[in-house]
Amino acid sequence: MTKHTPNLKAQKISGGVATDQRHDSAHKHVSGTAVYIDDMPEPAGTLHGCLGLCTATHATITKMDLSAVRSAPGVVDVLTAKDVPGENDISPTGRHDEPVLADGKVQFYGQPIFCVIAETREQARRATRLAKVEYKELSFVTDIGDLDPRKDRLVTPPLTLKRGDAAAAIKAAPRRLKGQMRVGGQEHFYLEGHIAMAIPGEDEDVTIYSSTQHPSEVQHMVSHALGVPSNAITVEIRRMGGGFGGKETQGNQFAALAAIAAKRHHRAVKIRPDRDDDMIATGKRHDFLVDYQVGFDDEGNILGVDFMFAARCGFSSDLSGPVTDRALFHCDNTYFWPAVHAQSAPLYTNTVSNTAFRGFGGPQGMVGAERVIDEVAFAVGKDPLEIRKQNFYGTSDRNITPYHQTVEDNIIHRIVAELEASSDYARRRRVIEAFNVNSRFIKRGLALTPVKFGISFTATHYNQAGALVHVYTDGSVHLNHGGTEMGQGLYLKVAQVVAEEFQIDLDQVKITATTTGKVPNTSATAASSGSDLNGKAAQNGARQIKDRLTDFAAEKYQVPRDQVVFLPNRVRIGNQEIAFADLIKQAYMARIQLSAAGFYKTPKIHWNRDKGQGRPFYYFAYGASCSEVSIDTLTGEYVVERTDILHETGRSLNRAIDLGQIEGGFIQGMGWLTTEELWWDGKGRLRTHAPSTYKIPLASDRPKIFNVTLADWPEASEPTVHRSKAVGEPPFPLGMSVLHALSDAVASVADHKVCPRLDAPATPEQVLMAIERLKAKTRV
Amino acid sequence: MAKIKIRNEIRFILNGEDVALTAVAPDETLLDWLRLNRTLRGTKEGCAEGDCGACTVLVGRLSAGRLVYECVNACIRFLGSLDGTHVVTVEHLRGDGEKLHPVQQAMVDFHGSQCGFCTPGFVMSLYALWMRSPEPSDAAIEKALQGNLCRCTGYEAIVRAARAISSYGKAAKDPLAAERKAITAKLKAMKDGSRVEIGSGKQRLVVPANADDLASVLDKEPGATVVAGSTDVGLWVTKHMRDISPVVFIGNLDGLSTISEDKGVISIGAGVTYSEAFSILAKRIPALGPLFDRIGGEQVRNMGTIGGNIANGSPIGDTPPPLIALGAQLTLRRSKKRRTIPLENFFIAYGKQDRQPGEFVEAVHVPVPAKATKFAVYKITKRRDEDITAALGAFHLTLAKDGTVADICIAYGGMAATPQRAFGVEKALLGKPWTEATVEAAMAEYAKDFTPLTDMRASAEYRALAAKNLLLRFFVETTGTKAPFQVSRYEAA
């Protein structure tokens, strides 16, 4: 950014809150000068690591001959479990079920069992292939369809939510049905894969550059693995090339191994796995089997529901507890269930341990809710949108969630009404019906789906943040906080908040890399909470300094405190105005502290997991999308003809950034539900571990017409930072409208008489097979 | 034959600098060289298999004497294949004075980057598009971006930026356009008619001087790895870490890079890229246009060759089935001996082709179908664009005057161990009236012709069903219906 001299007569600062600022690094992104960890100059003598992955799905290792690996060109060291000096564990929840390197037993195909350290990355990669490992195979299970969610092994305790007597309500309902839905997982496919570079320091110290959303956790994991206190470890990250939840816990392994090797050899060590290894050895979004029962009346009013959410968690708990919890927290989406019973089953499988992914189980819960709506709509012969609207949460009644939190800020009625009108839903519904009558092979479908997403970490203690704000004597500001930048524009938003607070131009605020050395004990940048928490913490830091400045100015100029007003780039003190920088200079000369550690914790929230009751969420974010698709009933191929979205982020801090989150979230959600398929073969091997086989959306998968609107009227009902709302995860489930539009198009082949029960991901194959199922049913 | 001069270095231009290298490993990739050797780290590695486009750079080369800049994937482009080219990385984009380049400024202003990691690749792909087509249609933008993955933006902002580039500057005044003459002259001077030979033993690479020279090189080293576009062999190195030495690079080779038409037969040299081949083929055989747009991404189409697609013998190569259906012939050459065979006879079994040691694919000859015949090719994939075929069917039909099937050739990919014809189906159609009833009856023959596999791309059941349905689609398409019969975003260029 070009620095300019602040305008002392400006009406408004440049770059304050509620202005559309470009990403702070945009000019560096486009010119290739934004530095990612692999772009940093390596210290002389830097070594490179490569993980050795096992080639059995569930087995004990009977022999591990690494002699050829050790003698391969360039190899300096080969680490195995016994070389972990501290604890061989990186379980983020302290369940001690996830080794850095597997010790004697492997539990999924591709689990890391050793780590080669060599002079070059190429040498390390080649050497790993020379290992001779023998296994005694054990029986394994990779698919949750082969498991009983009530009896089989879980990786973490399940959760039950209930309100009212669901079984009785379903039994007493005039109509009822049950079914099952399969919801696939998802690979994050951050464009920058995992990477860590560890630089050894003196004593026990290590500095680690890690592509992580959770520097504090990397710090703790590395300190455990090394057996040294946390204060020996510093973790820094300026930016990630995408995270999406995939870098919340999954970077720990690479950081720990790089640190161990760095200390053993007193040299810097970098580990950057190849894309295939990254996709095989790190966790993904949980796939679910959702069993549902619903009781309803002839009008389609839902009276009671019962859900079982069985999740493929993989071999360890990782974050599966909170992920499956959040699935239950969203099994209502925007709907009031008069009586509800919902249960999770975080199942053990011999697959990589699944982890956080944008939405964190919430979207899977919502997809289950929407399937129930679809089933009821087909059963009573109404447009699913009607069923949706008549079952929405009320604003003053019918507003208690399955976890007993009252929905106090419900705006879904207005969101959906406005979108229904702007997308011309009713007319297009008729047009599509007419089209389908006249088109033998191509069928169109339309669906409008709502979103309500709960904002806060459900682990209450994570809802805290810290920031560090320095004002230098020239009036420029140095900003640091615990949030990490993965492209979402968090750094920019927080800087806007600080600029606004001091009333100085945005370019006077220097954004700096997140490091555990400046702001300690941070939470993961996750749960959409980044700007809510860090924005508030930074605001708090800035306010502390402002308070001191105000006191100082009031005393020095002998005016009441309320006559010290921060105007754009200047301060009015009584009747005179002085430049912000001049006030700072004066304050410094008077020995006023110009640095502050800000802090914030979210008020009001509490959660009792044992009882299944509380207020886990500070507020909800809302949105809705309407999609139209064309499908080819001969092949199952499809295109998205049009999507309309209306989404809200409260009083947006930066509408340009928020719009990008909404568009990007929708496409990513659409990808999850359409072409992104994870496929394991009969031997338990994941066979979709590169972009050649795992298909995320392309530019040409965008809706042909894509109208995205950020609602301009909502504001957060709670005093969030400038009344803005979170935007990271809530747009992701907007992709559901594509799944339901596909389902609607499929349904047309059986005259909308049969619910297609289209599972996700709805690949062309799934679509064609659903069509065949429906055709077979109508033939009978 | 005149004696060929040997040169022991490769020469090219990197951005604004002349480069001459005498030590080049045959499997060294351009991306690793840029990042590790030259510390030009604006170009990123996202997948190392030519799918994500984060490593996109431009390569300028002389094609029929004219300088063309094409985007390619640096991750699977071998350094040794760059002799006589101009490599342009993101670091070389220059705007007016201190300003960003128009492509970059548009991306900034339209919020085209979020995490930024894919961004240099997008910038380079858009740059290539803009130089070629300063006011592109949305379809052209989408096509140009098929080889670039972005996980953050959902692409909308990038497409908005792409539409606006020309409002930030004129493509004709771009530095690369202004320097075109000088660069062309330099590249011409580099082409000194030499054969390039570097290294020995396990570290040996050869760039023959021309097709005849290639024949003599392969005659002496019949076991050499022949690399055209490296869109497949690149992965042998980056993913399988196979030793490929000695390597013979045949991309852009004189005598192997020509495309010509004679008496209704288009002959395509083995070194002709998809982009070059289809610029002619899609005009002469329009049904091939939509297929071309779904092969790889732009970068892969700029590197990969039809010759390579045939020579590697994959059962899921996209070009053999339509070429077989069209009755294409293949010329193979060893030393000075040539033989020409029907393309379909080249594929013997999985991994086995009718190619003798030292022999190489020289050209494929594609008859342009007669106007009266009907020809179509349909590709089925999980994701429409830049995806590998689950099943692909090609149909070539000649109707008799009485409306019966006089001749039909149906060839499939993805349904067997090789590209294969549906002989049973053809037989069931031959001589019968071209009616839906005939087609329905013939569809039953698919089960006898093919026993497809289940894999990560599709199940056997799906392959069987969708493949069969393609015949029905072909029937509908040939009956002149106005109703839509397939979903598409294709726009003829």
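The values are calculated or read from the model by the stated rules, or taken from the named source; none is laboratory data. If you're wondering where the values come from, they're calculated on a predicted model, not measured in any experiment. When we count neighbours, we look across all protein chains shown, and the Cβ atoms used for this are built from the backbone with ideal geometry, even at glycine. The protein model used for the area step is the full one, side chains on, heavy atoms only, and it has no ligands, DNA or RNA in it. Shrake-Rupley method; radii C 1.70, N 1.55, O 1.52, S 1.80 Å.
Results for (1) open to solvent by 30 Å² or more (accessible area, probe 1.4 Å); (2) among the polar types (S, T, N, Q); (3) assigned to a helix (DSSP H, G or I), shown as yes or no for each residue.
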| residue | (1), (2), (3) |
| --- | --- |
| B:Ala376 | no, no, no |
| B:Lys379 | no, no, no |
| B:Asp387 | no, no, no |
| B:Thr398 | yes, yes, no |
| B:Thr418 | no, yes, no |
| B:Thr438 | no, yes, yes |
| B:Thr451 | yes, yes, no |
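Restricting region B:293-336 to residues that are open to solvent by 20 Å² or more (accessible area, probe 1.4 Å) and of a type in the set (A, V, I, L, M, F, W, C), which is nearest to the chain's Cα centre (by Cα)? Filtering region B:293-336 for residues that are open to solvent by 20 Å² or more (accessible area, probe 1.4 Å) and of a type in the set (A, V, I, L, M, F, W, C), the one nearest to the chain's Cα centre (by Cα) comes out as B:Val300.
Any residue at all in region A:475-492 that's in contact with a Gly (Cβ under 8 Å, 6 or more places away or on another chain), hydrophobic (A, V, I, L, M, F, W, C) and farther than 25 Å from A:Arg548 by Cα? I'd like the intermediate steps shown before the answer.
Narrowing region A:475-492 to residues in contact with a Gly (Cβ under 8 Å, 6 or more places away or on another chain): A:481-484, A:486-491.
Still in the list and also hydrophobic (A, V, I, L, M, F, W, C): A:486, A:490.
When the remaining residues are screened for being farther than 25 Å from A:Arg548 by Cα, the result is A:486, A:490.
Yes - at least one qualifying residue is present in region A:475-492.
Does B:Glu156 satisfy the criteria of being more than 30 Å from A:Ile37 (Cβ to Cβ) and not basic (Lys, Arg)? Lay out the reasoning, then the answer.
Details: more than 30 Å from A:Ile37 (Cβ to Cβ): no; not basic (Lys, Arg): yes.
When the stated conditions are applied, B:Glu156 does not pass them.
Listed by first and then second residue, the pairs with beta-carbon distance under 7 Å, at least 6 apart or on different chains, first residue in region A:240-257 and on the phi < 0 side of the Ramachandran plot, second of a type in the set (Gly, Ala, Ser) and open to solvent by 10 Å² or more (accessible area, probe 1.4 Å), are A:Glu248/A:Ala526. Applying the criterion of being more than 8 Å from chain A (Cβ to nearest Cβ) and among the polar types (S, T, N, Q) to the residues of region B:48-91, the residue that is farthest from B:Cys115 (Cα to Cα) is B:Ser63.
For the condition open to solvent by 10 Å² or more (accessible area, probe 1.4 Å) and more than 7 Å from every other protein chain (Cβ to nearest Cβ), B:Glu45 qualifies. If you go through region B:130-149 and keep only what is crowded, with 17+ Cβ neighbours inside 10 Å, assigned to a helix (DSSP H, G or I) and within 12 Å of chain A (Cβ to nearest Cβ), you end up with B:Ile141, B:Glu142, B:Lys143, B:Ala144.
Any idea how many residues of region A:500-551 are among the β-branched types (Val, Ile, Thr) and over 24 Å from A:Met486 (Cβ atoms)? Give the derivation first.
Filtering region A:500-551 down to residues among the β-branched types (Val, Ile, Thr) leaves A:504, A:509, A:511-512, A:514-516, A:519, A:522, A:525, A:545, A:550.
Next cut, over 24 Å from A:Met486 (Cβ atoms) only: A:504, A:545, A:550.
Residues that pass the stated criteria total 3.
Set side by side, the residues A:Val639, A:Val571 differ, and just one is within 14 Å of chain B (Cβ to nearest Cβ) and hydrophobic (A, V, I, L, M, F, W, C), which is A:Val639. Checked against (1) out of contact with any strand residue (DSSP E or B) (no Cβ under 9 Å at 6 or more places or on another chain); (2) closer than 25 Å to B:Asn37 by Cβ, B:Gln114 meets all criteria but (2). Against the conditions (1) under 22 Å from A:Arg687 (Cα atoms); (2) loosely packed, with under 14 Cβ neighbours inside 10 Å, A:Val141 satisfies every one except (2).
Rundown of residues vs (1) in a helix (DSSP H, G or I); (2) modelled with pLDDT of 95 or more; (3) of a type outside the set (A, V, I, L, M, F, W, C), yes/no style:
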| site | (1), (2), (3) |
| --- | --- |
| A:Pro520 | no, yes, yes |
| A:Ser528 | no, no, yes |
| A:Ala537 | yes, yes, no |
| A:Arg543 | yes, yes, yes |
| A:Leu549 | yes, yes, no |
| A:Val559 | no, yes, no |
| A:Val571 | no, yes, no |
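Against the definition (over 22 Å from the mean Cα position of the chain (by Cα), of a type in the set (Lys, Arg), at pLDDT 95 or above and surrounded by fewer than 22 Cβ atoms within 10 Å (Cβ to Cβ)), how does A:Arg655 come out, yes or no? The answer is no for A:Arg655. Residue count for region B:1-42 under the criterion of being in a helix (DSSP H, G or I), open to solvent by 20 Å² or more (accessible area, probe 1.4 Å) and of a type in the set (A, V, I, L, M): the result is 1.
Per-residue answers, yes or no, for (1) of a type in the set (A, V, I, L, M); (2) buried (at least 21 other Cβ atoms within 10 Å of the Cβ); (3) not in a helix (DSSP H, G or I):
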position	(1), (2), (3)
B:Lys202	no, no, no
B:Val206	yes, yes, yes
B:Leu218	yes, yes, no
B:Arg242	no, no, yes
B:Ser245	no, no, yes
B:Leu256	yes, yes, yes
B:Phe278	no, yes, no
B:Leu281	yes, yes, no
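For region B:473-485, the candidate set comprises residues that are at the interface with another protein chain (Cβ under 7 Å from one of its Cβ atoms) and either open to solvent by 50 Å² or more (accessible area, probe 1.4 Å) or under 29 Å from the mean Cα position of the chain (by Cα) (or both); within that set, the residue that is farthest from A:Tyr694 (Cα to Cα) is B:Pro484. The set of residues from region B:62-87 being in a loop (DSSP other than H, G, I, E, B) and over 19 Å from B:Met124 (Cα atoms) comprises B:Ala64, B:Gly65, B:Asp83, B:Gly84.
Take the conditions (1) within 14 Å of chain A (Cβ to nearest Cβ); (2) surrounded by fewer than 24 Cβ atoms within 10 Å (Cβ to Cβ); (3) not charged (D, E, K, R); B:Cys152 misses just one of them, which is (2).
Here is the figure for region A:698-728: residues that are within 14 Å of chain B (Cβ to nearest Cβ) and touching a residue at least 24 places away in the same chain (Cβ under 8 Å) total 12.
Out of region A:731-780, which residues are out of contact with any Pro (no Cβ under 7 Å at 6 or more places or on another chain), part of a helix (DSSP H, G or I) and free of Cβ contacts under 8 Å to residues at least 60 places away in the same chain? Within region A:731-780, A:Ala750, A:Glu772, A:Arg773, A:Lys775, A:Ala776, A:Lys777, A:Thr778, A:Arg779 meet the criteria. Would you say B:Ile158 is over 28 Å from A:Glu187 (Cβ atoms), within 14 Å of chain A (Cβ to nearest Cβ) and open to solvent by less than 10 Å² (accessible area, probe 1.4 Å)? Judged against the criteria, B:Ile158 is not a match. Among the numbered conditions (1) open to solvent by 10 Å² or more (accessible area, probe 1.4 Å); (2) touching a residue at least 12 places away in the same chain (Cβ under 8 Å), the only one that A:Asp681 does not meet is (2). Among the residues of region A:646-686, which ones are outside any loop (DSSP other than H, G, I, E, B) and more than 19 Å from A:Phe244 (Cβ to Cβ)? Once the filter is applied, which keeps residues that are outside any loop (DSSP other than H, G, I, E, B) and more than 19 Å from A:Phe244 (Cβ to Cβ), region A:646-686 yields A:Leu646, A:Gly650, A:Arg655, A:Ala656, A:Trp680.
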